[in-house]
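Visitor: My questions all concern the structure below.
The values are calculated or read from the model by the stated rules, or taken from the named source; none is laboratory data. Here the structure is a predicted model, which means the values were calculated and not measured. FYI the Cβ positions are ideal-geometry reconstructions off the backbone, even for glycines, and counts take in every protein chain you see. SASA here: full protein model, heavy atoms, side chains in, ligands and nucleic acids out. Shrake-Rupley method; radii C 1.70, N 1.55, O 1.52, S 1.80 Å.
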Amino acid sequence: MDHLDKLENRAIHILREAYSEFGNLSMLWSIGKDSTVMLWLARKAFFGHVPIPLVHIDTDYKIPEMIEHRDRLAREWKLDMIYGQNTTALKEKQTFPDGNTTRIECCQKLKTAGLKNTLNGNWPRYRMNHNTGEYEIDKNTEPYTGVIVGVRADEEGTRSKERYFSPRDRNNDWDIGDQPPEFWDQYKTDFAPGTHVRIHPLLDWTELNIWEY
């Protein structure tokens, strides 16, 4: 068994553990390389079927072919595909391309606020109806308390302090000094009600591992 096989097996184990332990679970899919590897791993973990809703934050500035790719795979693989966006900021043209905010403010509005309010159910979510192949308003507004993301420890310094199962408070704030220990394959998955948990199946992968895989 080579290094990639070991990384794959651990990621699959974590995905299955997350699915068995968290009731309201979702997985972020940015359509980038890391989260697409994670989607493929999820298909392997559950024998071709992905039983976890996929969430994409649509800034409305993605390359059109990316959205076409997302929706084509969602239809072909029968993915439970959901997207959310900051429709207010887009309608009011409170974006950098419109010249009304800085780049950082634009990112905070379209990505950070879009992500937070899509996960907590405060803003509308749009879910693919596989009978029609189109998106409809999602009637489920319950917050996702467990979220699988494609974070890697080698991306930057603070991410090297993450755990596979990393708790946040009710405001999604992360306390770097209050992370549960993870020894060998023993992961803490029992958290107090209201705790938001991020799950990181790719934590030990490097960027080179991603491309090799």
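Visitor: How much solvent-accessible surface does Leu7 expose, in Å² to the nearest 10, with a 1.4 Å probe and all protein chains in place?
Guide: That residue has around 10 Å² of solvent-accessible surface.
Visitor: Could I ask something else about it? Given an 8 Å cut-off on Cα distances and at least 6 residues of separation, report the relative contact order of the range 1-110 as a percent.
Guide: On the way: 100 pairs, mean separation 22.5, N = 110.
Across the range 1-110, relative contact order equals 20 percent.
Visitor: How big is the charge dipole of the chain about its Cα centre, in debye rounded to the nearest 20, if each Lys and Arg gets +1 on its Cβ and each Asp and Glu gets -1 on its Cβ?
Guide: 440
Visitor: If you put +1 on each Lys and Arg Cβ and -1 on each Asp and Glu Cβ, how big is the dipole of the range 1-91 around its Cα centre, in Debye rounded to 20?
Guide: 80
Visitor: Please give the solvent-accessible surface of Met27 in Å², to the nearest 10, using a probe radius of 1.4 Å with every protein chain present.
Guide: Only protein atoms counted, so the area is about 0 Å².
Visitor: Still on this structure, I have one more. Please give the length that would be gained between Thr88 and Glu155 if that part of the chain were fully extended, namely 0.36 nm times their separation in residues minus their C-alpha to C-alpha distance (nm, one decimal).
Guide: Between Thr88 and Glu155, full extension yields 21.0 nm more.
Visitor: Just the number, please: Stokes-Einstein D of the range 1-58 in µm²/s, Kirkwood Rh from C-alpha pairs, 25 °C, 0.890 mPa s.
Guide: 205
Visitor: Restricting to Cα pairs below 8 Å that are 6+ residues apart, what does the relative contact order work out to for the range 91-213? Please round to a whole percent.
Guide: Answer for the range 91-213 is 22 percent.
Visitor: Could you give the accessible area per residue of the range 131-171, probe 1.4 Å, as a whole number in Å²?
Guide: I get 58 Å² per residue for the range 131-171.
Visitor: Farthest toward the dipole's positive end in the range 136-213, which of Pro143, Tyr164, Pro181, given Cβ charges of +1 (Lys, Arg) and -1 (Asp, Glu) about the Cα centre?
Guide: The residue sitting most towards the positive pole is Pro143.
Visitor: Which Cα, out of Thr87, Met66, Met1, lies furthest along the positive dipole direction of the range 1-107 (beta carbon charges, K/R +1, D/E -1)?
Guide: The Cα lying farthest towards the positive end belongs to Met1.
Visitor: Measure off 7 Å from each Cα along the Cα-to-Cβ vector at Cys107 and Ile67, then give the distance between these two points in nanometres to one decimal.
Guide: Result for the modelled spin labels: 2.2 nm.
Visitor: Report the dimensions of the range 92-159 along its three principal axes from the alpha-carbon atoms, largest first, rounded to Å.
Guide: Principal extents (Cα only, largest first): 41, 35, 22 Å.
Visitor: Given Lys109/Lys188; Lys33/Lys188; Lys62/Lys91, which pairs have Cα atoms separated by over 25 Å?
Guide: Lys109/Lys188; Lys33/Lys188
Visitor: Related question: Below 15 angstrom from the Cβ of Lys161, what's the summed charge of the other residues (Lys, Arg +1; Asp, Glu -1)?
Guide: Every neighbour counted, the sum reads -4.
Visitor: Further question on the same structure: Please work out, to two decimal places, the log10 of the ratio I(q)/I(0) at q = 0.11, 0.12, 0.16 Å⁻¹ from a Debye calculation in which every Cα of the chain carries one identical scatterer.
Guide: -0.55, -0.66, -1.19
Visitor: Now for a different question. Could you compute the FRET efficiency for Thr189 and Thr141, with r as their C-beta to C-beta distance and R0 at 22 Å, rounded to 0.05?
Guide: Details: r = 25 Å, r/R0 = 1.12.
Once rounded, the FRET efficiency stands at 0.35.
Visitor: Going Cα to Cα from Lys111, which aspartates and glutamates come in below 13 Å? Please leave out same-chain ones fewer than 8 positions away.
Guide: Answer for Lys111, where 13 Å is the Cα cut-off: Asp58, Asp60, listed by chain and number.
Visitor: Report the relative contact order of the chain, percent, no decimals, based on alpha-carbon pairs under 8 angstrom and at least 6 residues apart.
Guide: 23
Visitor: Test of the criteria: in the range 1-73, which chymotrypsin sites (Phe, Trp or Tyr not before Pro) are in a DSSP loop and have at most 16 other Cβ atoms within 10 angstrom of their Cβ?
Guide: Working: sites: Tyr19, Phe22, Trp29, Trp40, Phe46, Phe47, Tyr61; in loops: Phe22, Trp29, Phe46, Phe47, Tyr61.
Listed in order of number, the matching sites are Phe46, Phe47, Tyr61.
Visitor: Which value at 222 nm does the chain reach when only helices count, each DSSP H run of 4 or more adding -39,500 (n - 2.57), with the total divided by all residues and rounded to the nearest 500 deg cm²/dmol?
Guide: That calculation yields -9000 deg cm²/dmol at 222 nm.
Visitor: The range 163-195: which trypsin sites (Lys or Arg not before Pro) are DSSP loop and have at most 13 other beta-carbon atoms within 10 angstrom?
Guide: Arg170
Visitor: Right, something else. Dividing the alpha-carbon radius of gyration of the range 40-105 by 2.2 N^0.38 Å (N being the number of residues), what value is obtained?
Guide: So the range 40-105 has a normalised radius of gyration of 1.44.
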